Amino acid sequence: MTHQPAVLGAAALRCLPLLLVSLAMVATGCSSTGSKSDDAKHPAGSVLRVPEDFPTIQKAVDVAREGETVLVGPGTYRESVHITKERVVLRGTDRNKVVLDGGLRLVNGVTVTGPGSVVENLTVHDYLANGVLFTGVTDEKLQQHGAGGSAYNPLDTARFPAVQGFRATRVTAYDNGLYGIYAFDARGGVIEDSYTSGQADSGIYVGQCKPCDTLVRGNTIERNAVGIELTNASDGLSVLGNRVAGNRVGITVNSNDLESLAPQHGAVIAGNVVADNNAADTPEQADGGFGIGIGIGGGTGNRVQRNLVRGNQAAGVVVTDPPGHPASGNSVEGNRTVGNGTDLVLASADPGNCFTGNQPATQSPDGLEGLAGCGIHGRGALPPGQTTPVQAPPGIPFSRVPAPPAQQSMPDPKSPGRPATDLPGPVDTDAYPLPADADAVPQPR
């Protein structure tokens, strides 16, 4: 029996993220915007130290001025942190020893609504929703009733413009109930050199931004329900040189009407390792997806280039149409697709998708690259391709995914903080070649 590919994100959970975000913002309360009292508490210099100057991270963040650094020493911090000021750098002195622990009772680890702010060199785990959230959603009353997602009206992006400028660097996020690092209604950002595992939804999520102007690079993403998820995330979005392995689904690119700004358009996915995304000891993917490397569900105008896509039991790269959003204008070129159930699958009826130079490649429908090669014009619809049938095994609770090993920390955490301004800067997608090794994080030329 054949099955249509399930490549969409966790639609059954789509109602939860912002609702849970709202609970987090209510729980953490409103941060101070600056006062004489805060000035009296401010230590000399532009670095605020925890626990030396302040007993909690939130107290230091509340007193920090724009452009300053909150430097956190080793310890376990059982709190939710909300950064509302501009250009605040939250940094741990040791990535593996500075730990925010939600204890499976707090909702978000760090919520950032302040433009240009940064989270780096720390670990965040066991939150009911997200490890680190960057978002332009700031109205707490609206959020108490849901501000987007299934069962709610899509977010009003005119009323809540995207937060401009964000960065997550060397963050370890594991065993969180939704997303590890979550950029929603946010643009002009970088997510880099981070590690995510054990998320019940996605390790890294970029959603509802146009233009996104966001770079996701050099991350290791494993043992999540979905590795990287891009939903209604369009233009200026680059996913480069990541290692996405041992999840249930590797990378998904989606359009849907549960969030604003559909259809998704114009991402570049290049130079990544997307391997062995068939891990049973992972949280169950809400749509039942399993064994898929890269899935485009209704995305448009995306480029999937020079990726090593290996060992995904259902499909290496699959393009399909969710209801109301035909996939169109996507090009899949120059990838090494090997050892997948079916290497290349075109299940979209739109004639504008193309496949060229992917070697070696089993294809569905047969002869796909000859029938839908890039540069071929005037062709009609093809018979729908099929993924290799795979039965998804039962998942495990996100809280039971083992903690990851220690990750590389910043070499000089006492160096001056660098706020997230003018990001992502020039992005050379051609600098990321086809990876030769599936076991290492790819590096640019």
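The values are calculated or read from the model by the stated rules, or taken from the named source; none is laboratory data. Remember, it's a predicted structure, so these values are computed and weren't measured experimentally. Every residue, glycine as well, gets a Cβ built from its backbone with ideal geometry; the counts of neighbours run over all protein chains shown.
Overview of results
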| item | result |
| --- | --- |
| Test: residue in segment 376-384 that is of a type in the set (G, A, S) and either touching a Ser or Thr at 6+ places or on another chain (Cβ under 7 Å) or surrounded by 17 or more Cβ atoms within 10 Å (Cβ to Cβ) (or both) | no |
| Single residue of G146, G103 found to be farther than 19 Å from V190 by Cα, at pLDDT 95 or above and surrounded by fewer than 24 Cβ atoms within 10 Å (Cβ to Cβ) | G103 |
| Residues of segment 372-406 satisfying the condition of being more than 20 Å from R223 (Cβ to Cβ) and either among the basic types (K, R) or in contact with an Asp or Glu (Cβ under 8 Å, 6 or more places away or on another chain) (or both) | C374, R379, A381 |
| Count - residues of segment 248-288 that are of a type in the set (A, V, I, L, M, F, W, C) and part of a strand (DSSP E or B) | 10 |
| Breaking point among (1) farther than 23 Å from T220 by Cα; (2) of a type in the set (S, T, N, Q); (3) surrounded by 20 or more Cβ atoms within 10 Å (Cβ to Cβ), for S331 | (3) |
| Given (1) over 18 Å from the mean Cα position of the chain (by Cα); (2) without any contact (Cβ under 8 Å) to a residue 60 or more places away in the chain; (3) in a strand (DSSP E or B), number of the condition V318 does not satisfy | (2) |
| Residue, surrounded by the fewest Cβ atoms within 10 Å (Cβ to Cβ), within segment 245-300, restricted to residues that are under 22 Å from P389 (Cβ atoms) and modelled with pLDDT under 95 | G288 |
| Filter result for T320 (surrounded by 24 or more Cβ atoms within 10 Å (Cβ to Cβ), modelled with pLDDT of 95 or more, within 27 Å of V401 (Cα to Cα) and polar (S, T, N, Q)) | no |
| All strands (runs of 3 or more DSSP E) inside segment 183-246 with 3 or more residues being within 13 Å of the chain's Cα centre (by Cα) | 186-192, 195-197, 202-209, 214-217, 220-222, 226-233, 237-240 |
| Search result, residues across segment 59-92 that are closer than 26 Å to S399 by Cα and part of a loop (DSSP other than H, G, I, E, B) | G73, P74, R78, E79, S80 |
| Residues satisfying the stated conditions in segment 384-437, i.e. assigned to a loop (DSSP other than H, G, I, E, B), hydrophobic (A, V, I, L, M, F, W, C) and within 23 Å of the chain's Cα centre (by Cα) | A392, I396, V401, A403, A406, M410, A420, L423, V427, L434 |
| Residues located in segment 63-84, provided they are among the small types (G, A, S) and farther than 18 Å from G103 by Cβ | A64, G67, G73 |
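For (1) among the hydroxyl-bearing types (S, T, Y); (2) surrounded by fewer than 14 Cβ atoms within 10 Å (Cβ to Cβ); (3) over 30 Å from E192 (Cα atoms), each residue gets a yes or a no:
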site	(1), (2), (3)
D343	no, no, no
T388	yes, no, yes
S399	yes, no, no
P404	no, no, no
P413	no, no, no
A420	no, no, no
G425	no, yes, no
A431	no, yes, no
P444	no, no, no
